[in-house]
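Student: Okay, handing you the structure first.
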There are 2 protein chains.
Amino acid sequence: MQIENPYLMFLGDAADDLAAKVANGVAKWRPDWCLGQLRLPGCNADLGLTDMTLEEAKAAGVKTVIVGVANRGGIIPQSWLSTLEQALVMGFDIASGLHNKLTDIETLSSLAAEHGRKLFDVRHPTETFDVAKGTKRPGKRLLTVGTDCSVGKMFTSLAVEKEMKARGMNCDFRATGQTGIFIAGSGVSVDAVIADFISGATEKLTPANEADHWDVVEGQGSLFHASFAGVSLGLLHGAQADALVMCHEPTRKHMRGLPDFELPDLKRCIEVNEMMGRMVNPACRVIGISVNTSGLPKDRQDDYLEAVEKETGLPAVDAFRQGAGRLVDAL
Amino acid sequence: MQIENPYLMFLGDAADDLAAKVANGVAKWRPDWCLGQLRLPGCNADLGLTDMTLEEAKAAGVKTVIVGVANRGGIIPQSWLSTLEQALVMGFDIASGLHNKLTDIETLSSLAAEHGRKLFDVRHPTETFDVAKGTKRPGKRLLTVGTDCSVGKMFTSLAVEKEMKARGMNCDFRATGQTGIFIAGSGVSVDAVIADFISGATEKLTPANEADHWDVVEGQGSLFHASFAGVSLGLLHGAQADALVMCHEPTRKHMRGLPDFELPDLKRCIEVNEMMGRMVNPACRVIGISVNTSGLPKDRQDDYLEAVEKETGLPAVDAFRQGAGRLVDAL
């Protein structure tokens with residue numbers, strides 16, 4: 001899978017900016033690829049990009065229309081459909097992060113075939129994978145892990161990649177979720193592969209590489225999350241990570257979606273991730289902590305980071321405010 | 001999914017008994033359900049059951065034809081197909097453990113629809129699952145775990161179930177792999193569900209139950225296996241196990257399929273399984289060890305079990321030779 005850029009961001013009739021969260025992430029991290037946005041009547045989201053018609057997008061050189069919005073009730077309304085059909089006729093590919101597959105919609109499938117265009121349903125891997133081999137492969141890998149789901153693993157990975165690129169390091173961001181895949185132009189939604197192949201898909205995503213090359217791998221879930229720990233462990237083993245960055249959100253009252261579960265202690269979470277990671281790579285270690293401090297009072301944010309550093313003996317940064325410089329220094 | 005018994009075991013033209021391994025397991029554990037076997041010309045496997053034609057099976061009251069053989073090269077030969085088609089016409093359901101789906105074969109699908117029969121592809125779950133909730137539910141659960149893949153987890157689970165039934169305990173064997181599913185008549189191939197739902201599928205398989213009820217859950221893989229640890233952890237969390245039985249095969253030179261990986265130390269494997277299990281159930285503990293000693297010299301088998309008991313402080317049995325009595329005692 002390789003999604004061609006530049007992109008036109010399709011926002012449909014998104015109720016608010018939250019409904020366009022995926023599109024927002026793509027526009028933030030790949031501003032050069034996102035040439036414009038297409039909003040239908042009733043759309044309340046705004047990425048701050050130039051509004052474009054399909055014709056204008058064509059003239060601007062757009063290759064792919066990105067459907068980076070949540071649809072209401074899982075239904076793709078007729079108003080979206082006629083725009084997407086027209087996009088295929090005009091020669092765009094379409095990449096979607098919807099749960100419902102574009103390829104399941106008869107008119108889109110047949111128009112894509114007729115016009116030689118591609119439909120990417122990035123939540124639904126179509127590749128086949130081998131079972132993981134576990135063999136040590138050249139190149140280095142950094143994986144973001146977390147105390148919980150949705151604690152900034154993608155953001156941190158991208159901040160690390162940005163810092164590495166700025167330093168001229170040989171690296172690639174490797175995406176494992178829908179927003180990340182639009183940002184990378186490729187990747188695998190690891191939580192959507194068949195369970196037997198979680199680690200195998202991750203091995204394929206992060207193949208043998210030059211000795212100085214870093215894969216910066218987007219993590220998913222948490223080893224401590226009762227719903228998703230299997231995905232997190234499969235990813236940790238498949239990535240054969242040399243370096244882990246522990247991501248954390250200090251204001252969470254309980255594990256996301258699990259009111260009965262407290263967040264794990266940070267030091268214990270580090271120990272368990274290192275222990276499980278060392279099963280496949282004895283060199284695996286947590287090299288730093290990435291904390292989303294935005295939920296803390298402004299005057300307590302830096303104190304919190306300092307306390308985490310003291311507790312763990314590792315650099316702790318808020319990657320949003322401070323970038324990932326100190327994390328890359330720690331490698 | 002509920003596969004109706006009694007069964008006719010279809011062996012096709014299996015090259016040898018190994019190709020009929022699944023059917024063998026079913027015949028061993030559910031002799032009362034397996035009324036006969038159907039062998040085509042060239043079949044070299046033999047379950048020791050009465051050879052039956054479809055007509056004889058019908059007369060004997062068989063409900064389902066079980067395809068418990070490996071097919072060569074993934075192809076279902078014409079000779080198998082005509083027998084299976086005839087079975088549907090005669091009113092049997094068919095349940096298959098093949099990688100290739102029966103439901104993908106046009107003639108079988110349409111005959112099943114026409115005659116109101118069911119096709120079960122037990123390697124390929126068709127149910128939908130929710131994401132795991134992690135909520136504590138009534139009833140008790142025992143899960144078999146392992147130092148490696150294929151170290152007797154299904155066998156041990158069935159031996160425990162047999163012992164519990166013999167003692168009049170309230171219990172059910174819960175199958176997570178193809179052979180187990182034929183033996184239970186229902187279950188979920190957890191390694192074939194979408195990664196996000198490993199734990200959710202396991203929760204559905206082992207639902208809330210009476211306070212004295214035991215689910216005896218068939219484990220898969222090993223937390224230490226670089227290919228499949230994600231499945232094992234998802235299963236451990238979803239089962240919310242109260243009791244674990246650690247299964248082990250002492251003559252393995254390396255982890256199955258992974259020549260670079262040594263088997264984990266038994267005590268460490270116990271510790272890690274308990275630690276990860278306690279994330280969702282603080283009462284989780286390993287209550288005993290099940291060792292397949294058949295690869296050891298006869299005069300060393302009991303010494304080995306004794307040494308394991310001394311090392312771990314837990315009862316260690318060879319469930320094949322000795323049954324699971326001491327494991328059930330330990331609950």
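Student: Before rounding to the nearest 500, sum -39500 (n - 2.57) across all DSSP H runs of length at least 4 in the protein assembly as shown and divide by the residue total; then give [θ] at 222 nm in deg cm²/dmol.
Tutor: Using -39500 (n - 2.57) per qualifying helix, the result is -10000 deg cm²/dmol.
Student: Can you tell me how much longer the chain between A:Arg268 and A:Ala211 gets when fully stretched, taken as 0.36 nm per residue apart minus their C-alpha distance, in nm with one decimal?
Tutor: Stretched out fully, the A:Arg268 to A:Ala211 stretch lengthens by 17.4 nm.
Student: Let me ask another. Taking only the alpha-carbon atoms of the stretch B:202-331, what semi-axes of the equivalent ellipsoid follow from 5 times the gyration tensor eigenvalues under a square root, in whole Å, largest first?
Tutor: Calculated on Cα positions only, the semi-axes equal 25, 19, 13 Å.
Student: Using a Gaussian network model of chain A with C-alpha springs under 10 Å, which one of A:Asp303, A:Asp191, A:Asp121 is most mobile by mean-square fluctuation?
Tutor: Among A:Asp303, A:Asp191, A:Asp121, the largest mean-square fluctuation in the Gaussian network model of chain A belongs to A:Asp303.
Student: With +1 on each Lys and Arg Cβ and -1 on each Asp and Glu Cβ, how big is the dipole of the protein assembly as shown about its Cα centre, in debye rounded to the nearest 20?
Tutor: 600
Student: Round to a whole angstrom and tell me the spacing of the C-alpha centers of the stretch A:56-109 and the stretch B:253-331.
Tutor: With the stretch A:56-109 and the stretch B:253-331 each reduced to a Cα centre, they are spaced 54 Å.
Student: Dividing the alpha-carbon radius of gyration of chain B by 2.2 N^0.38 Å (N being the number of residues), what value is obtained?
Tutor: Rounded to two decimals, the normalised Rg is 1.01.
Student: Subtract the Cα-Cα distance of B:Glu56 and B:Leu40 from 0.36 nm times their separation in residues, and report this length gain in nm to one decimal.
Tutor: Once the chain is fully extended between B:Glu56 and B:Leu40, it gains 4.3 nm.
Student: Please work out the FRET efficiency for the pair B:Asp32 and B:Glu311, using the Cβ-Cβ distance as r and a Förster radius of 45 Å; give the result to the nearest 0.05.
Tutor: Computed FRET efficiency for B:Asp32 and B:Glu311 comes out at 0.70.
Student: Could I ask something else about it? Largest first, what is the accessible-area ranking of B:Val22, A:Val131 with a 1.4 Å probe?
Tutor: Order by accessible area, largest first: A:Val131, B:Val22.
Student: Any chance you could check the Cα centroid distance between the stretch B:170-227 and the stretch B:1-46 for me, in angstrom?
Tutor: First find each Cα centre; the distance between them is then 23 Å.
Student: Return the sequence-ordered ³J(HN,Hα) values of the stretch B:136-142 in whole Hz as given by the Karplus equation 6.51 cos²θ - 1.76 cosθ + 1.60 applied to θ = phi - 60°, using x for Gly and Pro.
Tutor: 5, 10, x, x, 10, 9, 10
Student: What is the spin-label model distance, in nm, from B:Thr128 to A:Leu18 if the labels are put 7 Å beyond Cα along the C-beta direction?
Tutor: With each label placed 7 Å out from Cα toward Cβ, I get 2.3 nm.
Student: Related question: If r is the Cβ-Cβ distance from B:His99 to A:Leu331 and R0 is 41 Å, what FRET efficiency results, to the nearest 0.05?
Tutor: 0.45
Student: From the phi of every residue in the stretch A:118-132, what ³J(HN,Hα) in whole Hz does the Karplus formula 6.51 cos²θ - 1.76 cosθ + 1.60 yield, where θ is phi - 60° and glycine or proline is x?
Tutor: 10, 10, 10, 9, 6, 6, 10, x, 10, 5, 9, 10, 8, 5, 4
Student: Before anything else, pin down the relative contact order of the stretch A:7-121: Cα pairs under 8 Å, at least 6 apart, normalised by residue count, whole percent.
Tutor: 26
Student: On to the next question. Taking chain A as a Gaussian network, Cα atoms linked when under 10 Å apart, which of A:Gly74, A:Gly139, A:Gly91 shows the biggest mean-square fluctuation?
Tutor: Looking only at A:Gly74, A:Gly139, A:Gly91, the biggest GNM fluctuation is shown by A:Gly74.
Student: Could I have the simple spin-label model distance between B:Ser109 and A:Gln322, label points 7 Å from Cα toward Cβ, reported in nm to one decimal?
Tutor: It is 5.7 nm.
Student: Non-local amide H neighbours of A:Cys171 (under 5 Å, H modeled in plane, Pro and chain starts lacking H): which ones?
Tutor: Residues meeting the amide H criterion: A:Trp214.
Student: Separate question: Could you please state how large a percent of the accessible area of the protein assembly as shown is carbon and sulfur, counting protein chains only and using a 1.4 Å probe?
Tutor: Taking all protein chains in place, the protein assembly as shown shows 50 percent carbon and sulfur surface.
The values are calculated or read from the model by the stated rules, or taken from the named source; none is laboratory data. All values reported here derive from a predicted model rather than from experimental measurement. All Cβ positions, glycine included, derive from the backbone under ideal geometry; neighbour counts span all protein chains shown. Only protein heavy atoms, including side chains, enter the accessible area calculation; ligands, DNA and RNA are left aside. Shrake-Rupley method; radii C 1.70, N 1.55, O 1.52, S 1.80 Å.
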